[in-house]
1. On a 0 to 90 degree scale, rounded to 10, what angle separates helix A:828-838 from the longest Cα axis of chain A?
2. Round to the nearest 10 and report in Å² the accessible area of A:Lys130, as given by a 1.4 Å probe over the protein chains' heavy atoms.
3. Hey, what does the equivalent ellipsoid look like for segment A:760-896, semi-axes from the Cα gyration tensor as sqrt of 5 times each eigenvalue, largest first, whole Å?
4. Restricting to lysine pairs 8 or more places apart or on different chains, what number in segment A:565-698 have Cα atoms under 26 Å apart?
5. In segment A:398-495, which trypsin sites (Lys or Arg not before Pro) fall in coil by DSSP and have 16 or fewer other Cβ atoms within 10 Å?
6. Can you order the peptides A:606-612, A:113-119 by their average number of other Cβ atoms within 10 Å per residue, highest first?
7. For segment A:558-647, what is one quarter of the convex hull surface built on the Cα atoms, given in nm²?
8. Kindly sort A:Lys374, A:Lys396 by accessible area of their heavy atoms, largest first, with the probe set to 1.4 Å.
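The values are calculated or read from the model by the stated rules, or taken from the named source; none is laboratory data. This is a predicted model, so every value here is computed, not measured. Here the Cβ positions follow ideal geometry from the backbone for every residue, glycine too, while neighbour counts run over all protein chains shown. When the accessible area is computed, the model is the full protein with side chains, heavy atoms only, and any ligands, DNA or RNA have been set aside. Shrake-Rupley method; radii C 1.70, N 1.55, O 1.52, S 1.80 Å.
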Amino acid sequence: MYDFNKIEKKWRKYWEENNTFKTDLWDFSKPKFYALDMFPYPSGVGLHAGHAEGYTATDIISRMKRMQGYNVLHPMGYDSFGLPAEQYAVTTGNHPNGFTQKNIETFTNQLKCIGFDYDWSKTLQTSDPKFYKWTQWIFKQLYLDGYAKYIDMPVNWCEELGTVLSNDEVIDGKSERGGYPVVRRNMKQWVIDQAAFAEQLLAGLDEVDWPESTKEMQRNWIGKSVGAHVIFKVDGFDKQFTVFTTRPDTLFGATYCVMSPEHSLVNEITGSEQKEAVEAYQKECATKSDLERTELNKEKTGVFIGAYAINPVNNTKIPIYISDYVLATYGTGAIMAVPAHDDRDYEFAKKFNIPIIQVLEEVTGTPHENENKKSSIVAIVYDRENDKYLTINWGKNGGRLFVGGTRHDGESALDCALREIKEETGYVDLELICEDFKINHHYYAYNKDTYFNIEATPLLFELKSDKRENQQLDDDENFSVEWVSKECIEDEIVDELHKKSFEYVINPSAMVGDGIHIHSEFLDGMNKEEAINTMIDWLEDNHVGSKQVNYRMREWIFARQRYWGEPVPVVYLEDGKIHVLDDDELPLVLPELEDYKGHGGMAPLENATEWKKYSHNGVTGVRETSTMPGSAGSSWYYLRYIDPNNDLEFANQELLKHWMPVDLYIGGPEHAVGHLMYSRIWNHYLYDKGLSPVREPFKKLVHQGMILGANGIKMGKRYPEFAIDPLDIVRDYGADTLRLYEMFMGPLEASKPWSQQGVEGAQKFLDRIYRLYTSEKIQDKENKNLEKVYHQTVKKITEDFETLNFNTAISQMMIFINAVYKEDVFPREYAEGFIKLLNPVAPHISEEIWEILGHDNTMAYEAWPVYDDTKIVEDTKDIAVQVNGKVRATITISVDEDEESIKEKALDAENVKRHTDGKEIVKVIVIKGKIVNVVVK
RNA sequence: GCCUGCGUGGCGGAAUUGGUAGACGCGCUGGACUCAAAAUCCAGUGUUAGCGAUAACGUGUCGGUUCGAGUCCGACCGCAGGCACCA
């Protein structure tokens with residue numbers, strides 16, 4: 001066994017002493033490559049297996065790129081503001097920085113142990129005043145440009161944590177950290193207007209090479225929806241309100257309006273009789289936490305407020321309700337409700353007995369010219385006692401159907417259905433259960449040779465008794481009446497209209513699909529899209545509405561009642577005005593406190609009575625005491641690595657132009673919307689201001705998967721017994737083994753279980769390599785037997801590294817080493833080439849072997865091996881011969897062999913003959929260089 | 001409920017994008033070396049039948065397209081992650 005401990009220590013020392021991985025940022029002579037890891041929060045627990053995986057991946061890429069002649073920037077730093085350090089400060093009374101620095105030191109040593117090629121001269125910490133000076137400076141620019149605002153707004157308040165939380169810090173109504181209940185509360189808050197960037201954030205997603213799932217999550221988070229604002233007047237008041245809807249085409253079907261309980265107009269227009277009930281309901285909603293609201297969301301609740309709105313399109317008076325299913329914070333906080341075509345409105349209308357008006361009909365069948373129009377019904381009768389449905393079986397002349405028929409002039413759908421049931425089946429004792437939405441059906445009647453377009457009403461009845469009268473059948477009506485089960489209906493009723501009718505009545509719900517409009521005057525006959533546009537034009541022409549885009553994404557709450565964060569650099573003057581600090585007052589440094597605990601929901605900085613008082617150049621006031629959220633520093637740290645010690649600006653513009661964007665960014669999928677959205681917002685802002693050279697900061701993004709315990713269970717706090725400490729692996733097997741194993745486990749993005757035997761296998765492979773390189777086999781000779789596999793190996797590994805398929809690249813290394821073991825001579829040229837391919841994955845042992853091969857310099861800058869494609873293509877190839885798709889033989893062909901000759905060889909193969917003997921050869925398919933398939937009968 | 005992935009040997013996982021399914025590793029079996037063991041090296045290893053050539057079956061289930069399907073299409077089942085009254 002090679003002495004990995006000694007070798008690894010030796011080379012880490014060498015790299016450090018020789019500044020091997022120090023990047024000269026001003027060297028623009030080579031192409032640049034910026035590889036970035038998501039920097040860690042320096043927790044006391046230290047590095048875990050998942051960190052090691054992602055960091056190894058970027059390390060491999062940066063080492064390969066360096067050898068390919070790139071100037072590589074691969075930095076590491078710390079997201080060092082955060083809760084654990086603050087809790088430590090609260091309990092011990094010590095400043096959190098000491099705790100933080102101790103953790104950072106541990107973390108750095110651990111990272112160094114794994115042999116990453118970080119340039120430690122460019123490290124940073126978000127809690128370092130030299131860094132957060134510029135976080136504050138960027139915040140100041142956001143404020144001066146109107147994107148950072150101090151406004152009164154509903155926030156997520158967590159009583160246990162004593163702070164507000166952003167939406168992505170709240171999960172299922174509980175705090176992400178600790179799982180404490182969160183309630184909504186109005187508070188004056190610093191926010192960043194991220195919705196202002198929504199459109200360009202959406203557009204930017206099309207430019208970047210990111211996982212599709214992450215892009216989709218960001219799109220959903222932004223939540224763009226296009227629709228219209230519609231203005232409703234309040235009947236009897238000189239008041240109006242606006243609703244947002246994505247379905248202005250259904251305005252003729254609006255039968256009521258709903259306001260959120262918090263809507264400002266509610267109290268002004270509530271009728272005196274309803275006042276008490278309305279106030280009770282408002283109170284009930286206000287005290288509910290978000291958690292309760294989502295949990296209790298099964299059943300719709302609400303109250304009629306005694307006022308009416310006027311539908312602008314037809315001047316109909318419709319009632320106004322309040323309900324918590326309408327959110328105060330989305331859209332305008334009020335909606336028009338169209339129960340026929342919206343699930344939530346349907347549910348509410350059913351519960352409160354509000355009329356449901358259908359304005360859109362689903363279309364079935366295929367339209368045709370010269371159709372006859374008529375109205376008809378489909379009557380479905382249910383016998384509850386026997387759980388059967390009434391059908392009529394036309395046999396060969398139309399199959400199984402429900403009772404159907406044409407409506408006479410002036411006859412209602414109900415009367416028509418009762419008449420038809422009686423005529424066709426004789427049943428008369430029926431109870432109407434529901435009359436569902438009409439369906440617009442096109443069909444061809446063979447017996448009449450006519451095309452029809454009918455408006456069919458599905459109805460559901462329940463059979464009350466077997467009472468029957470005589471059927472009244474026409475001469476051509478020849479069928480049997482049959483009671484059948486639901487399953488039978490699903491199998492046997494194939495007519496589109498009848499199938500759809502059954503679906504409708506069995507599960508009554510809103511009709512949310514597309515179709516053609518009815519009862520909508522100037523929209524009649526239009527489909528959804530056409531009607532939406534027409535209605536928007538109408539609203540704009542009549543000044544009662546307009547086209548409107550809405551986003552789910554709201555203000556980003558940008559302040560926390562915490563100590564261990566960047567102080568917000570503003571002062572409140574005596575007259576209430578906001579004064580932002582001058583540049584030369586930055587950084588605004590956190591003061592030392594006696595007591596780091598916030599009392600009674602107040603920010604801990606409230607304890608800093610002296611620090612709070614502001615007096616500078618004759619301006620006096622009180623400082624803001626909340627601090628920025630954890631995501632502030634991480635929103636721009638990737639820019640600072642490019643120029644980490646600059647005191648004059650956050651980074652030199654020339655350097656930024658050269659180094660941005662980040663070429664490869666690797667980190668966990670848990671940051672898909674939080675950090676990765678906030679970073680894009682800050683960078684988009686800086687780009688607009690001309691301070692960042694690119695709009696999208698991260699060109700290519702990859703999420704490493706989770707490393708699970710050996711039993712497939714998540715490691716971590718809940719199952720510490722399965723946790724793998726990567727430092728234990730380094731101690732017992734070596735850093736190279738850890739790196740190699742984690743890269744060989746499986747695809748980078750996948751979650752994969754840990755295997756101790758797999759680790760041993762990785763170590764065995766490195767030892768096998770070491771033994772080979774210390775054997776007599778390496779000679780200054782040629783060995784033609786290895787030529788092809790060597791060039792294949794160079795090609796495969798180069799390509800697989802580029803696409804981050806490390807597991808298959810390593811598999812190719814094993815194939816190569818296995819091949820060399822079978823040979824007596826390992827040509828020095830191949831030996832040196834291979835060790836360069838291994839270097840990015842296992843740098844310590846590679847450097848050692850490089851030295852054994854007689855070199856006295858680091859191999860970090862050695863040229864990456866090149867392959868010769870002509871050495872890979874073979875003259876001959878074994879291809880499979882199939883008979884009827886089953887492989888029966890393999891034949892050897894030369895690369896340029898013609899089709900006829902291949903065909904001949906294939907048919908001549910012994911086992912092929914056996915399977916074609918006595919059979920007719922229908923055809924022979926020859927796919928050049930791949931396969932032959934003989935089709936026989 | 002909706003969105004996005006994913007289902008392949010005993011296990012981790014390959015498969016040139018429609019062309020010999022199971023590369024490579026782990027494990028297991030046998031052999032060599034050894035007094036012996038470990039380590040190492042060599043060989044074998046999808047399942048079933050057969051001494052064997054070989055045959056049948058085989059990529060979650062059912063169906064389809066195709067000369068040919070792990071790969072494409074449709075329906076379903078299961079797992080993971082995300083979102084969830086967003087009008």
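1. Relative to chain A, helix A:828-838 is tipped by roughly 50 degrees.
2. Ignoring ligands and nucleic acids, A:Lys130 comes out at about 120 Å².
3. Details: eigenvalues 193, 58, 45 Å².
Rounded to whole Å, the semi-axes are 31, 17, 15.
4. 6
5. Passing both the DSSP loop test and the Cβ count: A:Lys448, A:Lys464, A:Lys467.
6. So the order, starting with the most tightly packed, is A:113-119, A:606-612.
7. So the Cα hull casts an average projection of 7.0 nm².
8. Putting A:Lys374, A:Lys396 in descending order of accessible area: A:Lys396, A:Lys374.
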